[in-house]
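Reading through the structure tokens given below for one structure.
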């Protein structure tokens with residue numbers, strides 16, 4: 001009996017030790033995928049850069065006051081949401097710190113990540129868009145962010161070989177970028193044909209940036225496509241129509257705008273396919289933001305959005321609780337919904353943390369990435385991170 005008990009005790013200890021070793025190997029593998037995250041993009045990824053632009057030195061913009069940041073950080077951080085963004089969930093899943101904004105201070109340690117994304121940024125240069133009759137609200141383009149990146153890189157590594165080694169161990173997020181090129185056009189009264197005319201230029205700019213990053217040493221890049229803009233609260237407000245055929249009966253989204261996003265995404269994916277052929281040793285991942293978001297537009301309640309996916313949580317009234325004249329954070333629009341987790345739209349132009357969480361989950365699990373991100377790296381979303 002004692003012998004059996006001793007054997008059982010020994011077996012239990014050995015099983016426990018084996019389990020601990022398995023866990024340690026798992027966490028080590030997860031943290032070993034990438035040593036840092038380097039991000040480019042716009043307000044979907046901005047973790048504070050726009051706050052540091054010179055134009056805001058004399059006054060705080062609407063996104064720098066409450067209720068922005070209320071859900072997770074409990075104060076505004078410069079993120080265009082009530083809480084975390086997709087990039088935050090990716091960083092947490094890799095066991096890395098939240099990615100700091102580049103303009104947040106030169107003393108920041110960027111060895112584990114740096115974010116160049118700026119709210120309102122475009123893929124194309126300001127001058128190009130201005131000639132097209134488009135008026136961006138700042139002059140930060142993807143080219144501007146690449147220039148910042150090169151400046152930062154020179155401070156992190158002394159030799160090209162050292163820089164390549166750093167970039168090979170970094171996950172590069174190229175976007176989402178390009179969405180504002182279309183937003184400024186459509187919401188600024190450009191016609192569909194006028195916006196379509198510069199779609200190839202947007203894709204060429206993104207492609208050139210990817211190739212430049214590869215030449216510097218990048219080996220794993222994630223390139224998101226456009227969101228279904230026909231489901232955006234701002235677009236629904238701008239392009240309200242009395243004809244029911246204007247809308248998708250399943251979602252309430254505007255058909256022709258979503259067709260535009262789908263067409264752009266198809267062209268972007270074709271370009272990424274060509275880049276993969278040119279650089280077979282580099283992993284170029286397409287992140288399908290469109291369908292990652294469409295899952296909760298098609299079935300909002302099953303994703304926890306009991307108030308639907310179209311109305312804004314923070315706004316100043318109106319059919320979709322959104323007004324261009326009083327956006328979230330402005331004095332007339334500082335009241336928020338009682339439960340942000342029941343809304344997908346935060347301020348009419350951006351998502352709530354709850355919606356970003358669903359998108360991030362789809363990307364990390366590989367459902368909405370090609371090739372699947374989960375096959376590139378074993379991510380470690382903690383138990384509470386993706387609780388629905």
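Filter region 129-141 for residues that are over 19 Å from residue 56 (Cβ atoms) and surrounded by fewer than 17 Cβ atoms within 10 Å (Cβ to Cβ) and give the result.
Across region 129-141, the qualifying residues are 130, 131, 133.
Scanning region 350-388 for residues that are at pLDDT below 95, buried (at least 16 other Cβ atoms within 10 Å of the Cβ) and assigned to a helix (DSSP H, G or I) turns up 373, 376. Only residues that are under 15 Å from residue 41 (Cα atoms) and free of Cβ contacts under 8 Å to residues at least 60 places away in the same chain were counted across region 142-159, and they come to 3. The condition (being in a helix (DSSP H, G or I) and either under 19 Å from residue 211 (Cβ atoms) or not assigned by TED's automatic domain parsing to the domain that holds residue 228 (or both)) is satisfied by just one residue among 103, 173, 146, 124: 146. Regarding residue 276, is this residue more than 19 Å from the chain's Cα centre (by Cα), without any contact (Cβ under 8 Å) to a residue 24 or more places away in the chain and either closer than 24 Å to residue 195 by Cα or assigned by TED's automatic domain parsing to the domain that holds residue 328 (or both)? In short, yes.
Based on what the data block shows, is residue 155 modelled with pLDDT under 95, within 22 Å of residue 115 (Cβ to Cβ) and part of a helix (DSSP H, G or I)? So residue 155 fits the description; yes. Among the residues of region 205-225, those identified as in contact (Cβ under 8 Å) with a residue 60 or more places away in the chain and over 20 Å from the mean Cα position of the chain (by Cα) are 211, 212, 214, 216. Scanning region 239-268 for residues that are in contact with a strand residue (DSSP E or B) (Cβ under 8 Å, 6 or more places away or on another chain) and over 19 Å from residue 295 (Cβ atoms) yields 239, 241, 246, 268.
Would you point out the residue of region 226-248, among those that are in a loop (DSSP other than H, G, I, E, B) and in contact (Cβ under 8 Å) with a residue 60 or more places away in the chain, that is nearest to residue 322 (Cα to Cα)? That would be 232.
Residue-wise test of (1) assigned to a helix (DSSP H, G or I); (2) more than 25 Å from residue 185 (Cβ to Cβ); (3) at pLDDT below 95; (4) over 24 Å from the mean Cα position of the chain (by Cα).
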residue: 250; (1), (2), (3), (4): no, yes, no, yes
residue: 263; (1), (2), (3), (4): yes, no, no, no
residue: 266; (1), (2), (3), (4): yes, no, no, no
residue: 269; (1), (2), (3), (4): yes, no, no, no
residue: 294; (1), (2), (3), (4): yes, no, no, no
residue: 309; (1), (2), (3), (4): no, no, no, no
residue: 319; (1), (2), (3), (4): no, no, yes, yes
residue: 326; (1), (2), (3), (4): no, no, yes, yes
residue: 341; (1), (2), (3), (4): yes, yes, no, no
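Contact map, region 35-55: first residue at positive phi, second residue at pLDDT below 95, Cβ cut-off under 6 Å, separation 6 or more or different chains; pairs are 48/104.
State whether the residues of region 186-196 include one that is free of Cβ contacts under 8 Å to residues at least 24 places away in the same chain and either over 26 Å from residue 348 (Cα atoms) or not assigned by TED's automatic domain parsing to the domain that holds residue 315 (or both). No: zero hits. Could you tell me whether residue 223 is crowded, with 16+ Cβ neighbours inside 10 Å and assigned to a strand (DSSP E or B)? Yes. The sole residue among 127, 117, 121 that is at pLDDT 95 or above and farther than 15 Å from residue 41 by Cα is 127. Taken together, 191, 122, 144 contain a single residue that is at negative phi and touching a helix residue (DSSP H, G or I) at 6+ places or on another chain (Cβ under 6 Å), which is 122. Entry remark, region 336-352: residues being touching a strand residue (DSSP E or B) at 6+ places or on another chain (Cβ under 9 Å) and either at positive phi or free of Cβ contacts under 8 Å to residues at least 40 places away in the same chain (or both) number 3 in total. Looking across region 185-205, the residues that are surrounded by fewer than 21 Cβ atoms within 10 Å (Cβ to Cβ) and not in a loop (DSSP other than H, G, I, E, B) come down to 192, 193, 194, 196, 199, 200, 201, 203, 204.
The values are calculated or read from the model by the stated rules, or taken from the named source; none is laboratory data. Everything numeric here is computed off the predicted structure, so don't read it as measured data. Counting neighbours? That spans all protein chains shown, and the Cβs are built from the backbone with ideal geometry, glycine included.
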